[in-house]
Amino acid sequence: MADRDGFIWFDGKLVPWREATTHVLTHSLHYGLSVFEGVRAYKTDSGTAIFRLKEHTDRLFNSAHIYMMKMPFDKETINEAHKEVVRANKLESCYMRPIAFYGSEKMGISTRGATVHVAIAAWPWGAYLGDDGLERGIRVKTASFARHHVNVTMPRAKLASTYANSILANLEATGDGYDEALLLDTEGFVAEGAGENVFIIKDGVIVEPEIASALTGITRSTIHTLAKELGYTIVTKRVTRDDIYIADEAFFTGTAAEVTPIRELDNRTIGTGSRGPITAKIQARFFDLVNGRLPEHKDWLAYV
Ligand code: PMP
């Protein structure tokens, strides 16, 4: 990732890609406290548009606030910087990674006295779980690792160290030949994927697990709106892994994963074992939306 042409926005200016570096004694590298986002921009007929940029920036600032990290830039500057990065790298559609982290002034647990840095990178990134996954659905395995308890790492923050848990789960699942991991909370109820929220469909009703231990996904909230517009009811409740085994359909949502059908969990086929009809409708509407083909929700598209 580091050895390529292009520009990264770093602490207020565009820096050549290879020069956007930090010291090995960076506090966040040692203690894992950095907050970040994953954002996507899509090519539309009216130009490239960043999807729900405002909501991503709000979540970034909320993550920083939860961890008492003082952001050195205001939201407007960060929003503008996203657009600048897309333009500077001449990207039509891309993934964006803003990150705020502590610098290398000091060691020791406390973040007091460490400077906050902000970087935003952008690069082309196709379907996170594969084009085939988007179309045919993926195979998922329940992780042996529980998702963080709400008072361990706080789930409203998109915090780097939370992802050590995601990595354990993902490596376990993918090492066993599955495409992605599903994590349960410490009580054993379904929380989320390693980097995705999850929905199931049973008897025409869309069900999502309570998000106590899960990230409040922006794609998830988008799906709430789109599903309601399509006339579906969404019920939020505690979900068990076997609720998913006997569901008619299931899908993951995420900025990277977009809307990815799940065709199998723990070697149990879900529904017909392919992308279900309601999932297909929601997925199609999602891609129409992000690609600027819907008249509704234009305010969710920030043109660069
Ligand atoms: N849960 C986790 C753990 C994630 O990493 C992500 C991706 N950011 C999501 C859910 C989905 O969130 P969003 O739709 O905002 O990308």
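The values are calculated or read from the model by the stated rules, or taken from the named source; none is laboratory data. Computed from a predicted model, the values in this text were never measured in an experiment. Glycine gets a Cβ as well: all are built from the backbone with ideal geometry, and neighbour counts include every protein chain shown. We work out accessible area using only protein heavy atoms, side chains counted, and drop any ligands, DNA or RNA first. Shrake-Rupley method; radii C 1.70, N 1.55, O 1.52, S 1.80 Å.
If only one of 56, 65 is of a type outside the set (Val, Ile, Thr), in a helix (DSSP H, G or I), within 21 Å of residue 216 (Cα to Cα) and away from the ligand (no atom under 16 Å from the Cβ), which one is it?
Values: 56 fails: away from the ligand (no atom under 16 Å from the Cβ).
Step by step, each of 56, 65 is checked, and only 65 is of a type outside the set (Val, Ile, Thr), in a helix (DSSP H, G or I), within 21 Å of residue 216 (Cα to Cα) and away from the ligand (no atom under 16 Å from the Cβ).
Quick check on region 207-223. Is at least one of its residues of a type outside the set (D, E, K, R) and more than 24 Å from residue 142 (Cα to Cα)?
Looking through region 207-223, at least one residue is of a type outside the set (D, E, K, R) and more than 24 Å from residue 142 (Cα to Cα).
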Just name the residue that is farthest from the ligand (Cβ to nearest atom) out of those in region 201-212 that are touching a helix residue (DSSP H, G or I) at 6+ places or on another chain (Cβ under 8 Å), β-branched (Val, Ile, Thr) and without any contact (Cβ under 8 Å) to a residue 60 or more places away in the chain. 207
Within region 245-291, which residues are open to solvent by less than 40 Å² (accessible area, probe 1.4 Å), more than 16 Å from the ligand (Cβ to nearest atom) and of a type in the set (A, V, I, L, M)? 247, 265, 270, 278, 280
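Among the candidates 21, 48, which residue alone is outside any strand (DSSP E or B) and not acidic (Asp, Glu)? Walk me through it before giving the result.
Numbers: 48 fails: outside any strand (DSSP E or B).
Just a single option satisfies the conditions, and that option is 21.
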Residue by residue through region 10-23, note down the ones that are open to solvent by 60 Å² or more (accessible area, probe 1.4 Å) and without any contact (Cβ under 8 Å) to a residue 60 or more places away in the chain. 13, 18, 19, 21
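Can you work out which of the residues in region 213-238 that are part of a loop (DSSP other than H, G, I, E, B) and away from the ligand (no atom under 13 Å from the Cβ) is surrounded by the fewest Cβ atoms within 10 Å (Cβ to Cβ)? Break it down stepwise before answering.
Kept after step one, since they are part of a loop (DSSP other than H, G, I, E, B), are these residues of region 213-238: 213-217, 230-233, 238.
So of that shortlist, the ones also away from the ligand (no atom under 13 Å from the Cβ) come out as 230-233, 238.
Numbers: 230: 13, 231: 8, 232: 17, 233: 10, 238: 13.
Checking each candidate, the answer is 231.
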